[in-house]
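Q: Have a look at the structure that comes next, please.
The values are calculated or read from the model by the stated rules, or taken from the named source; none is laboratory data. Because the structure is predicted, anything quoted here is derived from the model rather than measured. Please note: Cβ atoms are built from the backbone with ideal geometry, for glycine as well, and neighbour counts cover all protein chains shown.
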Amino acid sequence: MDSQRILHPWVDAAGHLPNSKQRQIFHIVDTQNFYHTPNHYADIVHPLISQPIIELCLQIPSYVLSYGGVDRALVRDAFDGLVPRDILRRTSKGTTTGYHSSLLLKNLTKIRELVLDGLLVSEGLLDKQRTESALTESSLIRDAHMLKHLFDVVRAETWLNAWNSAESGYSPRF
């Protein structure tokens with residue numbers, strides 16, 4: 001994806017600020033899902049990222065938020081005694097990447113068959129040679145971003161197969 005296309009004006013205008021403050025602005029913008037609208041018929045309201053709260057957060061120097069060299073130190077202190085110590089000590093939120101990677105690799109033969117013999121390749125939307133070389137265990141292990149793209153392709157191919165098989169009686173709803 002072209003990083004210039006997704007640049008929010010706040011991030012663009014923050015170039016003169018310290019890196020830590022730029023990062024904070026980026027994460028606030030990211031929280032808003034600036035370029036992703038989950039539905040077109042309702043306004044999404046995020047009360048914790050309203051303008052007064054954002055302005056207050058941006059006024060707090062980053063060294064106050066992470067004093068003593070501890071990431072999120074202010075928040076950790078604020079919740080001390082209210083949540084389990086293990087939560088206060090953790091350094092990441094955790095991810096499902098490992099689970100998805102192992103799921104993908106365990107089913108790689110079936111996924112290769114689905115994608116390489118699928119409609120996206122047969123209609124020329126995916127280049128068969130490039131897709132085939134990307135769908136190897138070593139290629140997928142080397143390129144973590146490929147996982148997301150591959151899951152998107154699998155979802156699209158599965159949806160197309162269901163849509164295309166009229167005899168199954170499946171009728172997708174929008």
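Here is a yes/no grid of residues against (1) in the same structural domain as Ile25 (by TED's automatic domain parsing); (2) surrounded by 11 or more Cβ atoms within 10 Å (Cβ to Cβ); (3) out of contact with any Ser or Thr (no Cβ under 8 Å at 6 or more places or on another chain); (4) of a type in the set (A, V, I, L, M):
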position: Glu55; (1), (2), (3), (4): yes, no, yes, no
position: Val121; (1), (2), (3), (4): no, yes, no, yes
position: Gln129; (1), (2), (3), (4): no, no, yes, no
position: Glu137; (1), (2), (3), (4): no, no, yes, no
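Q: Would you list the helices (runs of 4 or more DSSP H) that sit entirely within the stretch 110-166 and hold 1 or more residues that are without any contact (Cβ under 8 Å) to a residue 12 or more places away in the chain and polar (S, T, N, Q)?
A: Hits in the stretch 110-166: 119-122, 128-134, 137-142.
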